[in-house]
1. Only one of these conditions is not met by Ser295: (1) crowded, with 20+ Cβ neighbours inside 10 Å; (2) of a type in the set (Gly, Ala, Ser); (3) without any contact (Cβ under 8 Å) to a residue 12 or more places away in the chain. Which number is it?
2. Could you tell me whether segment 319-332 includes any residue that is closer than 30 Å to Leu183 by Cβ and crowded, with 16+ Cβ neighbours inside 10 Å?
3. Suppose we keep only residues that are among the acidic types (Asp, Glu) and under 24 Å from His65 (Cβ atoms) within segment 79-101. Which one would you say is surrounded by the most Cβ atoms within 10 Å (Cβ to Cβ)?
4. What residue, among those in segment 367-413 that are part of a loop (DSSP other than H, G, I, E, B) and in contact with a helix residue (DSSP H, G or I) (Cβ under 8 Å, 6 or more places away or on another chain), is surrounded by the fewest Cβ atoms within 10 Å (Cβ to Cβ)?
5. Here are some conditions: (1) surrounded by fewer than 22 Cβ atoms within 10 Å (Cβ to Cβ); (2) closer than 30 Å to Tyr73 by Cα. Ala228 meets all but one. Which one does it not meet?
6. Which one of the conditions (1) under 25 Å from Leu107 (Cα atoms); (2) out of contact with any Gly (no Cβ under 7 Å at 6 or more places or on another chain); (3) buried (at least 19 other Cβ atoms within 10 Å of the Cβ) does Asn344 fail to meet, given that it meets all the rest?
7. In segment 35-70, how many residues are part of a helix (DSSP H, G or I) and more than 23 Å from Lys312 (Cα to Cα)?
8. Condition first: among the acidic types (Asp, Glu) and either surrounded by 14 or more Cβ atoms within 10 Å (Cβ to Cβ) or out of contact with any helix residue (DSSP H, G or I) (no Cβ under 8 Å at 6 or more places or on another chain) (or both). Now tell me which residues in segment 146-169 satisfy that.
Amino acid sequence: MQILFFMKIIRDPIHGYIEVEDFVLQIISTEIFQRLRHITQTGLAYLVYPGMRHTRFEHSLGVMHLAKELTRYIKINSEQYTDLDFINEEYLKLVGLSGLLHDIGHLPFSHTFENALSLAKEVYGIDVEYYGKKTHVIFGNRVIDYYLGNYLDKLSKNYDVVNFVQRVISSTPRTKEESLASLIISSPLDADRGDYLLRDSYFAGVGYGNFDIERIKRSLIYVNGKLAVLKKAIPVVEQFLLARMYMYETIYFHSVVGLYNAVLSHAVVKLIQKNLIPNVAPENYLKLNDVVIMSKLNEAGREFFDAIVYRKGFKRYKKDLTGNCYETLEKKRKEINEIMRENNGLILYHDFYDVPYSEDEIFVYDDDELKPLSTESKIVSSLTIIKKGIVGYHESAEDKMKKIYEILQECPL
C-alpha cells in the first residue's frame with residue numbers, strides 16, 4: 001500500500017521550506033495537533049520579549065524537519081564507520097513522526113503548567129499527576145494512544161509505529177533503530193534543541209542562540225551505539241552548547257520571565273482548586289490550551305489576572321539569588337512553601353536549575369576512539385550548573401514579607 005500521495009510545502013522562518021507528506025498532513029490537520037497552535041512555546045516570556053508568541057505547533061514541525069535532515073546526514077557521514085542500512089524512506093518517516101509528536105502532550109503555557117502541577121502537589125497538597133520533566137512525555141504517550149493510535153498503526157507493515165514513536169519520545173528504546181531515533185529526538189545534541197534554540201532566539205530578537213546547524217548536520221556520526229561528532233567539529237559543538245547556556249541565562253531564566261511564570265503557576269493552582277479546568281486526561285486535552293486558561297484567569301483572583309494581562313501588581317525582590325544563597329533557600333524550601341501556601345500565592349518563590357552539559361553524553365570520534373567531549377574541550381569542561389531563585393510578592397502582601405526577609409537574611413548575598 002502506497003501511503004505517500006503528494007507533498008505540501010510549509011514556509012518556515014528557521015528552516016526555509018518544510019516538506020510535508022500527505023500522511024503527515026492528515027496528522028497535522030487533526031484537532032489534537034492543531035491544539036498546539038494555542039500552546040505558547042515559552043510560557044509568558046512574551047511579557048518581557050514581545051516577539052515570543054510562537055507556539056509548540058511550529059516548533060513540532062521544525063523538529064520533524066530537522067530530525068529527518070539529521071538522520072539523512074548521519075547515514076552519509078557514518079558510511080565508513082558503521083552499517084546503517086536500516087535508514088531508508090520508511091525509517092525516515094518514523095523519525096519524522098517522532099519529531100512531529102514529541103511535544104503533543106504539552107499542557108497550556110508549556111512547562112509553566114507543569115510547574116503549576118508541581119506546586120499543586122508539593123505546596124498545596126492537591127492530588128494531581130506530576131512526573132517532573134517527564135510529565136508532558138508521559139501524558140503525550142497517552143494522547144497518542146487516544147487520538148492517533150489507530151491511524152499510526154496503518155502507516156507501516158514493518159514497524160509497530162505507535163510503540164516506535166512512544167519509545168523514542170520517552171527515551172526507552174528497545175532496538176538499534178529506536179536507539180538512534182531516540183538520540184536524534186532527545187539528547188544533548190538533538191533536533192529538539194536544534195530547533196528551539198534557533199526558533200526562540202529568532203522570536204526573542206536576540207542573536208546569542210544562533211549556531212551553525214548546517215555544520216553540525218555534516219559532522220554527526222553514529223558509532224558503537226553512540227551519537228558523536230568528528231573532532232574537527234568541536235568548535236561548532238562548543239558554539240551550540242554556549243548558545244544554549246546563553247539562552248538559558250538570559251531568556252528562559254530571565255528573572256522577570258520567571259516571576260510571571262510563577263504567578264501564572266499559582267493562578268493555575270487556584271483554577272484546579274476551584275474545579276474550573278478539567279482533569280489532565282487524554283479525553284480532556286482539547287479543552288486544555290492557553291486560550292481556555294486565559295478566559296478563566298479572572299476567576300483565579302483579580303491579582304493574578306492583572307499581573308498576567310496587564311503586567312501589574314506583582315513585584316520582584318531585586319537581587320538574583322544564586323550560588324550559596326540558592327543552596328540556603330533550597331534548604332529552607334519547606335518553610336518557603338508554607339509561606340506561599342499561607343498567602344495563597346501572593347508571596348512566591350521560583351527556582352531555576354539547568355545543567356548546560358553532561359560529560360558522558362556527547363562524544364568526539366577521533367583515531368577510531370570515542371572520547372567524552374569534556375576531555376577534548378576546555379570550554380565545555382568549564383560549563384557549570386545554572387541555578388538561581390527569585391522571590392516575588394503582590395503589592396497587597398508586602399506587609400506579610402517579614403518571614404521571607406528573615407530567611408533572606410540567612411542568605412550569603
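1. With respect to (1) crowded, with 20+ Cβ neighbours inside 10 Å; (2) of a type in the set (Gly, Ala, Ser); (3) without any contact (Cβ under 8 Å) to a residue 12 or more places away in the chain, Ser295 is out only on (1).
2. Here is the first cut: in segment 319-332, the residues closer than 30 Å to Leu183 by Cβ are none.
For segment 319-332, residues closer than 30 Å to Leu183 by Cβ and crowded, with 16+ Cβ neighbours inside 10 Å: absent.
3. Of segment 79-101, the ones among the acidic types (Asp, Glu) are 79, 83, 85, 89-90.
Narrowing the set further to residues that are under 24 Å from His65 (Cβ atoms) leaves 79, 85, 89-90.
On the way: Glu79: 11, Asp85: 7, Glu89: 7, Glu90: 15.
By that ranking, first place goes to Glu90.
4. Initial filter on segment 367-413 (part of a loop (DSSP other than H, G, I, E, B)): 367-368, 377, 382-385, 401, 410-413.
Filter once more, so that each one left must be in contact with a helix residue (DSSP H, G or I) (Cβ under 8 Å, 6 or more places away or on another chain): 377, 383, 410-413.
Details: Ser377: 19, Leu383: 19, Glu410: 11, Cys411: 17, Pro412: 8, Leu413: 12.
For segment 367-413, the residue satisfying everything is Pro412.
5. Of the numbered conditions (1) surrounded by fewer than 22 Cβ atoms within 10 Å (Cβ to Cβ); (2) closer than 30 Å to Tyr73 by Cα, the odd one out for Ala228 is (1).
6. Here Asn344 clears every test but (3).
7. Let us first name the residues in segment 35-70 that are part of a helix (DSSP H, G or I), namely 35-38, 45-47, 56-70.
With the extra rule that they be more than 23 Å from Lys312 (Cα to Cα), the set shrinks to 35-38, 56-70.
Count: 19.
8. Start the filter on segment 146-169 by keeping residues that are among the acidic types (Asp, Glu), which leaves 153, 160.
Across segment 146-169, the qualifying residue is only Asp160.
The values are calculated or read from the model by the stated rules, or taken from the named source; none is laboratory data. Here the structure is a predicted model, which is why all the values come from computation and not from measurement. Every residue, glycine as well, gets a Cβ built from its backbone with ideal geometry; the counts of neighbours run over all protein chains shown.
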